[in-house]
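The values are calculated or read from the model by the stated rules, or taken from the named source; none is laboratory data. Computed from a predicted structure; not experimentally measured. Glycine also receives a Cβ, built like all others from the backbone with ideal geometry; neighbour counts cover every protein chain displayed. We work out accessible area using only protein heavy atoms, side chains counted, and drop any ligands, DNA or RNA first. Shrake-Rupley method; radii C 1.70, N 1.55, O 1.52, S 1.80 Å.
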Amino acid sequence: MRSGFVAVAGRPNVGKSTLVNALCGGKVAIVSDKPQTTRRRIFGIANGDDYQLVLADLPGFQRPLDPLTERMQRTVDAAFEDVEGVLFVLSARERIGAGDRFIASRVFALGVPVVIALNKIDRLKPGHIASQMATAARLGDFLALHPVSAKTGDGVGELRQELLALLPEGPLYFPQEQRTDLSLELQLAELVREKALWLTRDELPHAISVEVEEMEGPVVRAAILVETESQKQIVVGKNGSVVKEIGTRARPEIEALLGRDVFLELRVKVRPRWRRDTATLERLGL
Ligand SMILES: Nc1nc2c(ncn2[C@@H]2O[C@H](COP(=O)(O)OP(=O)(O)OP(=O)(O)O)[C@@H](O)[C@H]2O)c(=O)[nH]1
Ligand SMILES: [Mg+2]
């Protein structure tokens, strides 16, 4: 049995969570088109007959702006301890620049192998991919560089093999049927937040959090927290249309996760300045 931990680093929105899901062969972490989707460390576990690869999906590297983003960045820093390697994710669709070089200065200093994944190569011209690979290769002394598409799965199998080769002989850290360390309650909250992220924009996604209040029998009751009354109006929508759409999209996934039909009750609540409130952040597990 080979097993161990690999941390997943990169700028916000480069596709870290999408790639973790692809490597694990199922949805572990929520994904959205807005930066700062991932707020906590989530273990995504790829299990095989003779291996267990535990990927630590992380928030993107960022300059902290408030207590929430400060905690997120601390989570990132802490996650680099005791890993067998780092999976450094870049987006081939964007210019590889100062933000990536800053992260490179951190991960290449850890003293563990760094595997670079150049993500989002789908629908890009080969010449463009080649020049992005050349730029990526200058970031540091990497072990391997893999062009991939987390979306189509292109290159993901080869990348998984590369990461498995980093693992030493070791024990099972989680039961083999387990794919994540998140509690069921947090998984449900994250699914609701994911749908809310896709349906909102600008600053609003960052002001949204979700708390599951009840998950007994057929009823799942959750609160969507926002910071102001005007944000609440947007998330509720005209005649409740937006919150209803969030529920419509979240329910099938919640039912699949729980393996039963559910009655999903969503309420939008104003909790002023929750991103700065230690008690709320603690309760949300952030
Ligand atoms: N075209 C394309 N889009 C992708 C690919 N991988 C991810 N995306 C998109 O990129 C966006 C961000 O994906 P995430 O997986 O949430 O990115 P992340 O790096 O985890 O973002 P944070 O958690 O905010 O740091 C989403 O809109 C994804 O659908 C890919 O291989 N190709
Ligand atoms: Mg993410």
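Sort out which residues of segment 60-81 are touching a Gly at 6+ places or on another chain (Cβ under 9 Å) and either in a helix (DSSP H, G or I) or more than 13 Å from ligand 2 (Cβ to nearest atom) (or both), and write them in order of number.
Matches in segment 60-81: MET72, VAL76.
For segment 1-26, give me each residue that is open to solvent by less than 10 Å² (accessible area, probe 1.4 Å), among the hydrophobic types (A, V, I, L, M, F, W, C) and more than 11 Å from ligand 1 (Cβ to nearest atom).
Correct list: VAL6, ALA7, LEU23.
State whether one or more residues within segment 80-94 are within 15 Å of ligand 1 (Cβ to nearest atom), open to solvent by 10 Å² or more (accessible area, probe 1.4 Å) and β-branched (Val, Ile, Thr).
The answer is no, given that none of the residues of segment 80-94 is within 15 Å of ligand 1 (Cβ to nearest atom), open to solvent by 10 Å² or more (accessible area, probe 1.4 Å) and β-branched (Val, Ile, Thr).
Consider ALA56 against the criteria (1) closer than 20 Å to LEU197 by Cα; (2) under 12 Å from the mean Cα position of the chain (by Cα); (3) touching a residue at least 40 places away in the same chain (Cβ under 8 Å): it satisfies all of them except one. Which criterion is unmet?
Unmet for ALA56, out of (1) closer than 20 Å to LEU197 by Cα; (2) under 12 Å from the mean Cα position of the chain (by Cα); (3) touching a residue at least 40 places away in the same chain (Cβ under 8 Å): (1).
If you scan segment 20-43, which residues turn out to be near ligand 2 (Cβ under 9 Å from one of its atoms) and either of a type in the set (A, V, I, L, M, F, W, C) or farther than 15 Å from ARG193 by Cα (or both)?
VAL20, ALA29, ILE30, VAL31, ILE42
For segment 244-261, give me each residue that is of a type in the set (A, V, I, L, M) and surrounded by fewer than 19 Cβ atoms within 10 Å (Cβ to Cβ).
Residues satisfying the conditions are ALA256, LEU257, LEU258.
Do you know which of the residues in segment 27-49 that are open to solvent by less than 30 Å² (accessible area, probe 1.4 Å) and more than 14 Å from ligand 1 (Cβ to nearest atom) is nearest to the chain's Cα centre (by Cα)?
The selected residue is PHE43.
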